[in-house]
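Read the figures in this text as sums done on the coordinates, not as results from a lab. Predicted model only: the values in this text are computed from it and were never measured. Don't worry about glycine lacking a Cβ; one is built from the backbone with ideal geometry, like all the others, and counts go over all protein chains shown.
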Amino acid sequence: MANILEEIKKRILVLDGAMGTMIQQYKLEEEDFRKGWFEDHESPLKGNNDLLSLTRPEIIKTIHGKYFEAGADIVETNTFSGTWIAQADYGLEKYAYDINFHGAKLAKEAAEEYTAKNPEKPRFVAGSIGPTNRTASISPDVNNPAFRNVSYDELVDAYKEQTKGLIDGGADVLLVETVFDTLNAKAALFAIQTVYEEMGVVLPIMVSGTITDASGRTLTGQTTEAFHISMQHAPLLSIGLNCALGAKDMKPYLTVLAKESHFGVSAHPNAGLPNEFGEYDETPEMMGEQIRDFLNNNLLNIVGGCCGTSPAHIKAIADIAAEYKPRVYQV
């Protein structure tokens, strides 16, 4: 059985692209988010994409397959908002485990099918653990800086349930991603380690933060160096950056991680910055050449795409990544 800890030493691993971008192409309606599970649910569910692993599993599995076909080594589960905290907006807290279990199961089925086609290129599943829609470090009330709408213990509880579902569903690695608040990420890491002890299993862990603007800081004010220091206590497979910035604006911060980190370094940037219509304009060729610049500077061990990216983007990235050796680091 292939081991991602070994594969990351052999080549630059390619992560998949955007799930939401692909889902939008299907022009789904309210009934697609209810089918077979939530027919009588009282509130609207359209846009809650994580539910599609339950209600339209064939769509989600097809998307995973398209990314594997494009050259991805790793696909992320459709579970970015798979905590009871995030699902509370829809009144679906009790379905968090199901979302994660079925999300991981679908991705695992696709991974096993593509690994069987080409055993020399094993495929892996990363359990996507998003930041939730709340922050433990910042008050949502400008008139009350001390107020918090979520506690550390609540985050740990939510992340524990998500972790169990992802493990039971067959995830190979857990990806704590789009980290804008390191305290939320620390709750996720603590939850993961607690579940590992309870279940007697250990999976590799990836962490990926997000720089929110040209200041080079996370939403809660950390520099890349501070983010790395805050995370380096954990036994990580990789640390990296994803989302907010396009590839060309991400390079200075990846350079910091590549220099400082004794983990693998990952990047899955957006296809540029959104235009006035909220769309992403960078073509696969444009993005590919920006990724080439990363690889020419020996910055990465894992690379993929975030918002606005498609299988065409991932194919361009995979083709370029195949030309390079992975960044060497000391564990």
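Order the peptides 86-94, 282-290 from the highest to the lowest mean number of other Cβ atoms within 10 Å of their residues.
On the way: 86-94: 16.8, 282-290: 18.6.
Per-residue Cβ counts within 10 Å, averaged per peptide and sorted highest first, yield 282-290, 86-94.
Here the Karplus relation 6.51 cos²θ - 1.76 cosθ + 1.60, evaluated at θ = phi - 60°, turns the backbone of region 134-149 into coupling constants of 9, 10, 7, 9, 10, 7, x, 10, 5, 8, 9, x, 7, 6, 10, 9 Hz, with x for every Gly and Pro.
Phi angles of region 175-184 translate, via the Karplus equation with coefficients 6.51, -1.76, 1.60 and θ = phi - 60°, into HN-Hα couplings of 10, 8, 10, 6, 6, 9, 10, 5, 5, 4 Hz per residue; Gly and Pro are given as x.
So which lysines pass the test for K251, namely a Cα distance under 16 Å, with those fewer than 8 places away in the same chain ruled out? Output for K251: K259.
Ordering 315-322, 128-135 by mean Cβ neighbour count within 10 Å, with the highest value first, yields 128-135, 315-322.
With contacts taken as Cα pairs under 8 Å at a separation of at least 6 residues, region 4-321 carries a relative contact order of 19 percent. Using θ = phi - 60° in the Karplus curve 6.51 cos²θ - 1.76 cosθ + 1.60, the 3J(HN,Hα) couplings for region 122-127 round to x, 10, 10, 10, 9, x Hz; x is entered for Gly and Pro.
Site pair V328 and W37 shows an inter-label distance of 4.7 nm when each label is modelled 7 Å from Cα along Cα→Cβ.
When each of the peptides 21-30, 189-198, 49-58 is scored by how many other beta carbons lie within 10 Å of its residues on average, the order from highest to lowest is 49-58, 189-198, 21-30.
Mean sequence separation of contacting Cα pairs (under 8 Å, at least six apart), scaled by the length of region 209-311, corresponds to a relative contact order of 26 percent. Within the straight-line cut-off of under 21 Å between alpha carbons, the lysines reachable from K27 are K35, K46, K61, K66, sequence neighbours fewer than 8 places apart in one chain being disregarded. Rg and Dmax over the alpha-carbon atoms of region 4-321 stand at 18.4, 58 Å.
Under 5 Å from the amide H of L245 lie the amide H atoms of I211, N270, each residue being 5 or more positions distant or on a separate chain, with H modelled from the backbone and absent for Pro and chain starts. In plain terms, the chain from E30 to N298 could stretch by 91.9 nm, reckoned as 0.36 nm per residue minus the Cα-Cα distance.
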